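Below: the structure, in structure tokens.
The values are calculated or read from the model by the stated rules, or taken from the named source; none is laboratory data. Since this is a predicted model, take the numbers as computed values, not measurements. Cβ sites come from the backbone with ideal geometry, for glycine too, and all protein chains shown count toward neighbours.
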Amino acid sequence: MSSKDGDAYEGFTAEERAAMKEHAQELKKAARRMSRAEKAAEARRDVLAKIAEMDDADRALAERVHAVVTAAAPALEPRLWYGMPAYALGGKVLCFFQGAGKFKARYATLGFSDLAKLDDGPMWAAAFALTEVTPEVEARIAELVRRAVG
């Protein structure tokens with residue numbers, strides 16, 4: 001298989017393969033026999049540990065996003081999703097934080113799944129570039145998360 005440029009298709013990047021491996025580990029961990037409360041506590045610890053592992057710039061953003069999301073929508077359950085901090089409703093990921101370092105991107109991303117109730121006509125944003133968390137950005141994140149939950 002080749003791309004339209006004639007370059008040979010080389011499959012997934014190392015970062016994408018690592019994310020898939022992390023997701024497989026997350027699924028195995030979730031399948032262990034534990035109470036719902038134990039699983040939730042472990043998932044929260046895993047999210048905080050993953051945030052602590054990030055480089056300084058991503059960690060600062062992720063800490064603020066985590067604080068805003070958990071305060072704005074306490075019903076959301078923190079968990080890891082492909083090795084990224086994510087927030088689920090009824091066991092399904094509603095939004096997530098992707099640090100710039102995750103896939104060597106230019107900026108971090110706050111993304112929303114198709115479950116998020118952000119619909120706005122025939123087209124709307126489902127991901128937002130994030131370079132700084134100012135008080136205005138915090139307010140916007142809180143508003144988006146509350147809307148996403150419904």
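Of note:
- Test: GLU42 is assigned to a helix (DSSP H, G or I), modelled with pLDDT under 95, surrounded by fewer than 17 Cβ atoms within 10 Å (Cβ to Cβ) and of a type in the set (Asp, Glu): yes
- Any hit, the range 122-135, residues being within 20 Å of ARG44 (Cα to Cα) and at pLDDT 95 or above: no
Conditions (1) outside any helix (DSSP H, G or I); (2) over 17 Å from the mean Cα position of the chain (by Cα), marked per residue:
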| site | (1), (2) |
| --- | --- |
| ALA100 | yes, no |
| LYS117 | yes, no |
| GLY121 | yes, yes |
| GLU132 | yes, no |
| ILE141 | no, no |
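- As a summary of the residue check, VAL68 satisfies the conditions (1) outside any helix (DSSP H, G or I); (2) touching a residue at least 24 places away in the same chain (Cβ under 8 Å); (3) surrounded by 18 or more Cβ atoms within 10 Å (Cβ to Cβ); (4) of a type in the set (A, V, I, L, M) except for the one numbered (1).
- Test: residue in the range 79-88 that is at pLDDT 95 or above, in contact with a helix residue (DSSP H, G or I) (Cβ under 6 Å, 6 or more places away or on another chain) and assigned to a helix (DSSP H, G or I): no
- Among the residues of the range 15-49, the ones that are acidic (Asp, Glu) and within 15 Å of the chain's Cα centre (by Cα) come to 4 in all.
- Among the residues of the range 129-140, the ones that are touching a helix residue (DSSP H, G or I) at 6+ places or on another chain (Cβ under 9 Å) and closer than 17 Å to ARG59 by Cα come to 6 in all.
- Every pair of residues 6+ apart whose Cβ atoms lie under 7 Å, when the first sits in the range 18-40 and is touching a residue at least 12 places away in the same chain (Cβ under 8 Å) while the second is hydroxyl-bearing (Ser, Thr, Tyr) and not in a helix (DSSP H, G or I): ALA19/TYR82; GLU22/TYR82; HIS23/TYR82
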